[in-house]
Amino acid sequence: MAESIARDRLPVAEERSGGPLIVTEDVQLLDDLLRLCAAAGAEPEVHHTLPEGRGGWERAPMVLVGDDAAPRCRGVARRQGVMLVGRDQDAPDVWRRGVEIGAEYVLRLPDAESWLVDQIANAAEGVGRPALTVGVIGGRGGAGASTLACALAVAAARSGRRTMLIDGDPLGGGIDVLLGGERAAGMRWPDFAHSKGRVGGGALEESLPALHGLRVLSWGRDDWVVVPPPAMAAVLAAARRLGGVVVVDLPRRVDESVAEALAQLDLGLLVVPGELRAVAAAKRVASMAGMVLGDLRVMARGPYAAGLDERWVADALGLPLAGELPLEPRLLAAQDDGTPPGGSARSPLARFCTAFWDRALAGGVAGGAVS
């Protein structure tokens, strides 16, 4: 098991990269640590004592010090990401040795192996701030949720942000179709349906089709596949670790896999046309999604029935108003010409999505409408 010396979670500095530094002469412990590094996809640097010049100690994304090497590391420069690792569950003075080398965690193998693999993999990927993750849900069928999800992703990528678009709706026809990439090379959900545990963020990104400056995870054209909750959780977690922006297109029905996706969202956008029946349907969707998602907001869409406007729609649902989707008469014609939703930077939808990201990434997600 892993026990924390410091109260804060282990941070990883953005400028560090590569595998961990291992300091030990214990052959059995070294074999275990090398095995765990291999499982995490990391290539460690191994020393029997402190690296000369101390530069290796300071540059490494994390440092794993064996019990046997702790006395040789006394007085070393204090830094984050140092872990004292051993196999003896009853070793005396283990906490004193941990404090002497500035360790944040004291680990005992094999109990802490699973946790340590995750930490090594995070360090090797250079994990920094997680991606801002936004989910889009239709208040009723045909509300335009997939169109908005696609336009948000295209706008984010156009601004130079690292962007991933994930299709969470197996019955939606494939969001890659909206991007004109249904035949693009790369993996789809069937390739990840049996994923368990940790999925590498870099490997995920490189395996997906690259379309319009973003990466897209969509559904296959042939076989029906069920994505279990662990696979959904692992893929979303990997996407978030990459940073930037993640947009998830979600179905209106909430099953266990969709609940896993909702749990990882920073913000949910409920697209609701300005019609009484649409509002009634959206209430049921909001009730289900709201049991998991903490921040759900209304994205109203005209034209509106008599007496309704965007504020009335939001008030009727009892949710904050995120904004009002602009009308774009040539949307379908543009798609027929190969331009995805939001693909033309001057279109009303593209300008709306650009304004959304400018506000959201500046901290505006915490409150207020984006209009």
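The values are calculated or read from the model by the stated rules, or taken from the named source; none is laboratory data. Remember, it's a predicted structure, so these values are computed and weren't measured experimentally. Please note: Cβ atoms are built from the backbone with ideal geometry, for glycine as well, and neighbour counts cover all protein chains shown. Each accessible area value is taken on the protein alone, full model and side chains, heavy atoms only, with ligands, DNA and RNA left out. Shrake-Rupley method; radii C 1.70, N 1.55, O 1.52, S 1.80 Å.
Some points to look at:
- Check on residue 239, in contact (Cβ under 8 Å) with a residue 40 or more places away in the chain, small (Gly, Ala, Ser) and closer than 20 Å to residue 150 by Cβ: yes
- Selected residue (only one of 148, 132, 152 is of a type in the set (A, V, I, L, M), within 14 Å of residue 247 (Cβ to Cβ) and surrounded by fewer than 23 Cβ atoms within 10 Å (Cβ to Cβ)): 132
- Matching residues in the range 254-276 - criterion: being touching a helix residue (DSSP H, G or I) at 6+ places or on another chain (Cβ under 8 Å), over 18 Å from residue 148 (Cα atoms) and not in a helix (DSSP H, G or I): 254, 264
- Subset of the range 58-79 that is hydrophobic (A, V, I, L, M, F, W, C) and part of a loop (DSSP other than H, G, I, E, B) - its residue that is most open to solvent (accessible area, probe 1.4 Å): 77
- The condition (being surrounded by 19 or more Cβ atoms within 10 Å (Cβ to Cβ), in a helix (DSSP H, G or I) and among the β-branched types (Val, Ile, Thr)) is satisfied by just one residue among 248, 279, 227: 279.
- Of all residues making up the range 40-57, the number that are in a helix (DSSP H, G or I) and surrounded by 15 or more Cβ atoms within 10 Å (Cβ to Cβ): 2
Yes or no, residue by residue, for (1) touching a strand residue (DSSP E or B) at 6+ places or on another chain (Cβ under 8 Å); (2) assigned to a helix (DSSP H, G or I); (3) at pLDDT below 95:
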position: 315; (1), (2), (3): no, yes, no
position: 327; (1), (2), (3): no, no, yes
position: 338; (1), (2), (3): no, no, yes
position: 358; (1), (2), (3): no, yes, yes
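- Search result, residues across the range 80-113 that are touching an Asp or Glu at 6+ places or on another chain (Cβ under 9 Å), assigned to a loop (DSSP other than H, G, I, E, B), of a type outside the set (Asp, Glu) and open to solvent by 30 Å² or more (accessible area, probe 1.4 Å): 80, 87, 89, 110
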